[in-house]
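Heads up, the thing below is written out as structure tokens.
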Amino acid sequence: MSRTFTRLGKELTIAAKQGGTDPENNPRLRAIIQNARSENMPKDNIERAIRRADEKDKGDYKEVVYEGYGPHGIAVLIETATDNTTRTVANIRSYFNKAGGNLGTSGSVEFMFDHKCVFHVKSKDPVDLEELELELIDYGGEEVFMDEEEEAIVIYGSFESFGSLQKHIEEKGFELVSGGFDRIVNGEMKELSPEEKADIDKLLERIEEDDDVQNVYTNMA
């Protein structure tokens, strides 16, 4: 759980630094606060992360994407939030090297993934998903479906439409469970044997344990 709080804390600080510390005027911050609440992040932790955006000696995180290939030709894309890119790139490179993969240059695998915004919402009243999907097209929405396990409506849209989609969702009176971004493989997923998959899982475990890492994506089936 502390790993999740660390990741959310950085997201809160970055969002507050980019769009201001007032959630009313910062849709991205408002969504991340809701994400944090959904993960039961203490209120004090949330407020501290937001305040950090105004502290000159803290909160100077940069969002940096690293790309490379793991063993068996699996593409790996890593989103980080770091205050020391020299440290971060050295660590990421070492994880690839130890696994028999290699860190690539910018753009080497990013083209394999579509960058989307995604919202999970709930409604007190029944919702016609097809009708909602048609309605959201005007706001950048692309796909709407029900997550039965979470009992929430999932809305995917273009990366650029995050603000307009969130605004419409809130104006419609939906309960925003979470909002953020996702990367979806736009081609064929690569099938691996159980032994090969175990090699990739070891690499991913090392990467995900790094405090600078926010999200990791692969094209492994």
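The values are calculated or read from the model by the stated rules, or taken from the named source; none is laboratory data. Nothing here was measured: the structure is a model prediction, and the numbers come from that model. Every residue, glycine among them, receives a Cβ derived from its backbone with ideal geometry; neighbour counts consider all protein chains shown.
For the range 78-100, a residue qualifies if it is exposed (fewer than 15 other Cβ atoms within 10 Å of the Cβ) and either of a type in the set (A, V, I, L, M, F, W, C) or not assigned by TED's automatic domain parsing to the domain that holds Leu203 (or both), and exactly one does: Ala90.
For His120, are the conditions met, namely being in contact with a helix residue (DSSP H, G or I) (Cβ under 7 Å, 6 or more places away or on another chain) and either among the charged types (D, E, K, R) or not in a loop (DSSP other than H, G, I, E, B) (or both)? Criteria not met by His120. Can you find a residue that is more than 15 Å from the chain's Cα centre (by Cα), of a type in the set (A, V, I, L, M, F, W, C) and either assigned by TED's automatic domain parsing to the domain that holds Arg206 or farther than 30 Å from Leu192 by Cα (or both) anywhere in the range 18-33? No, the range 18-33 has no match at all. The numbered conditions (1) under 27 Å from Ile169 (Cβ atoms); (2) outside the structural domain of Ser106 (by TED's automatic domain parsing) are all true for Thr6 except (1). Could you check the range 101-115 and list, in sequence order, the residues that are touching a strand residue (DSSP E or B) at 6+ places or on another chain (Cβ under 7 Å) and either buried (at least 18 other Cβ atoms within 10 Å of the Cβ) or in a helix (DSSP H, G or I) (or both)? Gly101, Leu103, Val109, Glu110, Met112, Phe113 - these are the residues of the range 101-115 that are touching a strand residue (DSSP E or B) at 6+ places or on another chain (Cβ under 7 Å) and either buried (at least 18 other Cβ atoms within 10 Å of the Cβ) or in a helix (DSSP H, G or I) (or both). Restricting the range 61-77 to residues that are of a type in the set (Gly, Ala, Ser) and crowded, with 21+ Cβ neighbours inside 10 Å leaves a set whose member that is nearest to Leu203 (Cα to Cα) is Gly70. Among the residues making up the range 31-64, those that are within 30 Å of Phe174 (Cβ to Cβ), among the hydrophobic types (A, V, I, L, M, F, W, C) and not in a loop (DSSP other than H, G, I, E, B) are Ala31, Ile32, Ile33, Ala36, Ile46, Ala49, Ile50, Ala53.
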